[in-house]
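Visitor: Dumping the structure here so I can ask a few things about it.
FYI, it's all coordinate maths here, none of it is from the lab. Keep in mind that what you see is a predicted model, and the values were worked out from it rather than measured. Cβ atoms come from the backbone with ideal geometry, glycine included; neighbour counts cover every protein chain shown.
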Amino acid sequence: MKLATWNVNSLKVRLPQVLQWLASSPVDVLCLQETKLTDDKFPVAEIEAAGYQVAFTGQKTYNGVAILSRHPITDVVKNNPLFQDEQQRIISATIEGMRIVCAYVPNGQAVGSDKYDYKLRWLEALIQWLEAELQRFPSLAILGDYNIAPTDADVHDPAAWQDQVLVSAPERAAFERLCALPLADAFRLFPQAEKLYSWWDYRQMAFRRNRGLRIDHILLSPALTQRCTACEIDKLPRKWEQPSDHTPVIATLQ
DNA sequence: ATGGCCTCGGTTCGAGGA
């Protein structure tokens, strides 16, 4: 069983790449963020033709999330019931006995900004909601773009990024509280090479210089942590023409 | 010192992302 997450930065632009990636990496579940499509524009037929069921919630221009699955999808819930939010950033569903949560955490723009406050409030509500969800669903995975690099090992240049948005102490504290629910960062369950990232800025040839951050994560409840045998970042799609600035992260479960 | 790119909406520039 393979679970994956990918912020595609517009599914309209990236649909061919998503289909190409699934053809060569036929994961069981793929969570997408930043689809940037209203629901009436979602490419249901193309995704079903590739062998996947899909649940999604979107809006115009910004945000939007989706869960693609080779197995039946049931009990779809959109957003966090504890947090009134016009922005479409969460969708969850049950697949093969697992509760799958697909999340697009707010970026936060800059420390101290209104958007940063929104990010921290959003994360607080996420923690409260997941605490209850874990009681209901022992086998739970939350996959997505967290917009948080958990430690300096996840940052290409920690000195340059110190106290900036995506790495600031309050954001990292929120990530730690998620881990304390408990949820495990699947990537860190295993030995990993250094300087592995999931996002690189489009500017300054950041990808070629590997100036990136690891901000896309798969967090697993204890029952799924026990089953997890690998977690890896697939850099290949970031090398394709007209790529997303993020690349997929994949967890393998027994 | 600053910004450098990409996407969208809606027109050729601004907002947002990270």
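Visitor: Just a yes or no: is a residue in the range A:104-123 buried (at least 20 other Cβ atoms within 10 Å of the Cβ) and closer than 18 Å to A:Val29 by Cβ?
Guide: Yes, the conditions are met somewhere in the range A:104-123.
Visitor: Further, regarding this structure: How about the range A:157-169: which of its residues are surrounded by 14 or more Cβ atoms within 10 Å (Cβ to Cβ) and away from DNA strand B (no atom under 11 Å from the Cβ)?
Guide: If the condition is that a residue be surrounded by 14 or more Cβ atoms within 10 Å (Cβ to Cβ) and away from DNA strand B (no atom under 11 Å from the Cβ), then A:Ser168 is the only one that fits.
Visitor: Taking the range A:227-254 as the region of interest, how many residues are in a loop (DSSP other than H, G, I, E, B), surrounded by 14 or more Cβ atoms within 10 Å (Cβ to Cβ) and more than 15 Å from DNA strand B (Cβ to nearest atom)?
Guide: 2
Visitor: Being within 18 Å of A:Glu131 (Cβ to Cβ) and surrounded by 19 or more Cβ atoms within 10 Å (Cβ to Cβ) is the filter here, so list the residues in the range A:67-97 that pass it.
Guide: Listed by number, the residues that qualify are A:Asn80, A:Ile90, A:Ser92.
Visitor: Does A:Gln33 qualify as being near DNA strand B (Cβ under 9 Å from one of its atoms), of a type in the set (S, T, N, Q) and surrounded by 15 or more Cβ atoms within 10 Å (Cβ to Cβ)?
Guide: yes
Quick grid of which residues meet (1) away from DNA strand B (no atom under 16 Å from the Cβ); (2) out of contact with any helix residue (DSSP H, G or I) (no Cβ under 8 Å at 6 or more places or on another chain); (3) without any contact (Cβ under 8 Å) to a residue 24 or more places away in the chain; (4) charged (D, E, K, R):
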| site | (1), (2), (3), (4) |
| --- | --- |
| A:Cys102 | no, yes, no, no |
| A:Ala110 | no, no, no, no |
| A:Ala125 | yes, yes, no, no |
| A:Leu130 | yes, no, no, no |
| A:Pro138 | yes, no, no, no |
| A:Asp145 | no, yes, no, yes |
| A:Asp152 | no, no, yes, yes |
| A:Leu181 | yes, no, no, no |
| A:Lys195 | no, yes, no, yes |
